[in-house]
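Scroll down for the structure; my scribbles are underneath it.
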Amino acid sequence: SSDLGKKAKLAKPTANATNANNKKVGKEAVNEEEEEKRKLEARREKQRRRREKNSEKMAFTCSFCKFRTFEEKDIEVHLESTTHQETLDHIQKQTKFDKVVMEFLHECMVNKFKKTSMRKVQSTQNEAAKAAEKNLLEGVTDEDHMIKVETVHCSACNTYVPALYSSVQQHLKSPDHAKSRVAYKEQIKRESVLTATSILNNPIVKARYEQFAKGENPFENVEPSQESAVETNEAEQTTEQINFTEDTAVDFTEDTVDFSEDPTDQIDFTADTDYVTTEEN
């Protein structure tokens, strides 16, 4: 047939087919752009978390009271304060732990403070050299309209307030702060019990408690790897705390297990470790 020798004509793409291809290409481009944005956000989040972690290592903290400061004298005052003692009393009331256990928990915070002090001394020497090399506002011009300012962080409201007397006073007297500080205080009390039990569940801490109960000092000559493991466990517990609100309030008088009856219901004790509890009369 004469048709066999003829070359087949290529069909011209229709308008619909062209539009479909354009849409497909456009969609792929959008997907790639979104993927790049997602990766960029992930990198920024990772950097932010790293900065927060490094910053937290330099902060003096009390895990039970959610107290945080960069001033050594402030943490010293806190650990001797009525507020700190009230939190320990609350933990003891809910867990029925005896005096030795509560003294040990307090000493854990004191030891944490001492370790942070040592870390800050070592870090200061390194940071002094770096500070001379780096200017915080390097590259910033008048057209960028940026200045360095100090702020005050309110943990109860989870917000930053300009470090001005008028701004701080305005925030203090605001209805939102008044409401938040009451709720936050109750949250601290509830979460302090979870933090205490979590700390005591750590195998390294259990071994330290055994030494402490014998009258020994378990915080001397501690391996750095052990200290790091305890701090990591404590940090994870802090970041994974339940965000209690008024709608999810917990009544510990009903929900908390009575340790005097069966302490193993709340803490995974080893056979050789016994956190003594006290009976209620």
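The values are calculated or read from the model by the stated rules, or taken from the named source; none is laboratory data. Remember, it's a predicted structure, so these values are computed and weren't measured experimentally. Backbone-built Cβ (ideal geometry, glycine too); neighbour counts: all protein chains shown. The area values use the complete protein model at the heavy-atom level, side chains included, leaving out ligands, DNA and RNA. Shrake-Rupley method; radii C 1.70, N 1.55, O 1.52, S 1.80 Å.
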Can you grab the distance from the C-alpha centre of region 159-191 to the C-alpha centre of region 78-97, Å, no decimals?
22 Å
Per residue, in Å², the accessible surface of region 135-185 once ligands and nucleic acids are set aside, probe 1.4 Å:
86 Å²
With θ taken as phi - 60° and the coefficients 6.51, -1.76 and 1.60, list the Karplus ³J(HN,Hα) couplings across region 94-101 in order, rounded to whole Hz; mark glycine and proline as x.
7, 9, 6, 5, 7, 4, 5, 5
Which order do you get for 160, 165, 184 if you rank them by accessible area with a 1.4 Å probe, largest at the top?
165, 160, 184
How do 36-45, 86-95 rank on mean C-beta neighbours within 10 Å, highest first?
86-95, 36-45
Please compute the modelled spin-label separation between residue 68 and residue 148, points set 7 Å along Cα→Cβ, answer in nm with one decimal.
2.2 nm
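Given a Förster radius of 22 Å and the C-beta distance between residue 136 and residue 165 as r, what FRET efficiency does 1/(1 + (r/R0)^6) yield to the nearest 0.05? Let's see the in-between values first.
On the way: r = 25 Å, r/R0 = 1.12.
Efficiency, from the Cβ-Cβ distance: 0.35.
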What FRET efficiency comes out for the pair residue 181/residue 86, r = Cβ-Cβ distance, R0 = 22 Å, nearest 0.05?
0.90
At residue 207 and residue 114, where each label point lies 7 Å from the Cα along Cα→Cβ, what is the point-to-point distance in nanometres?
1.9 nm
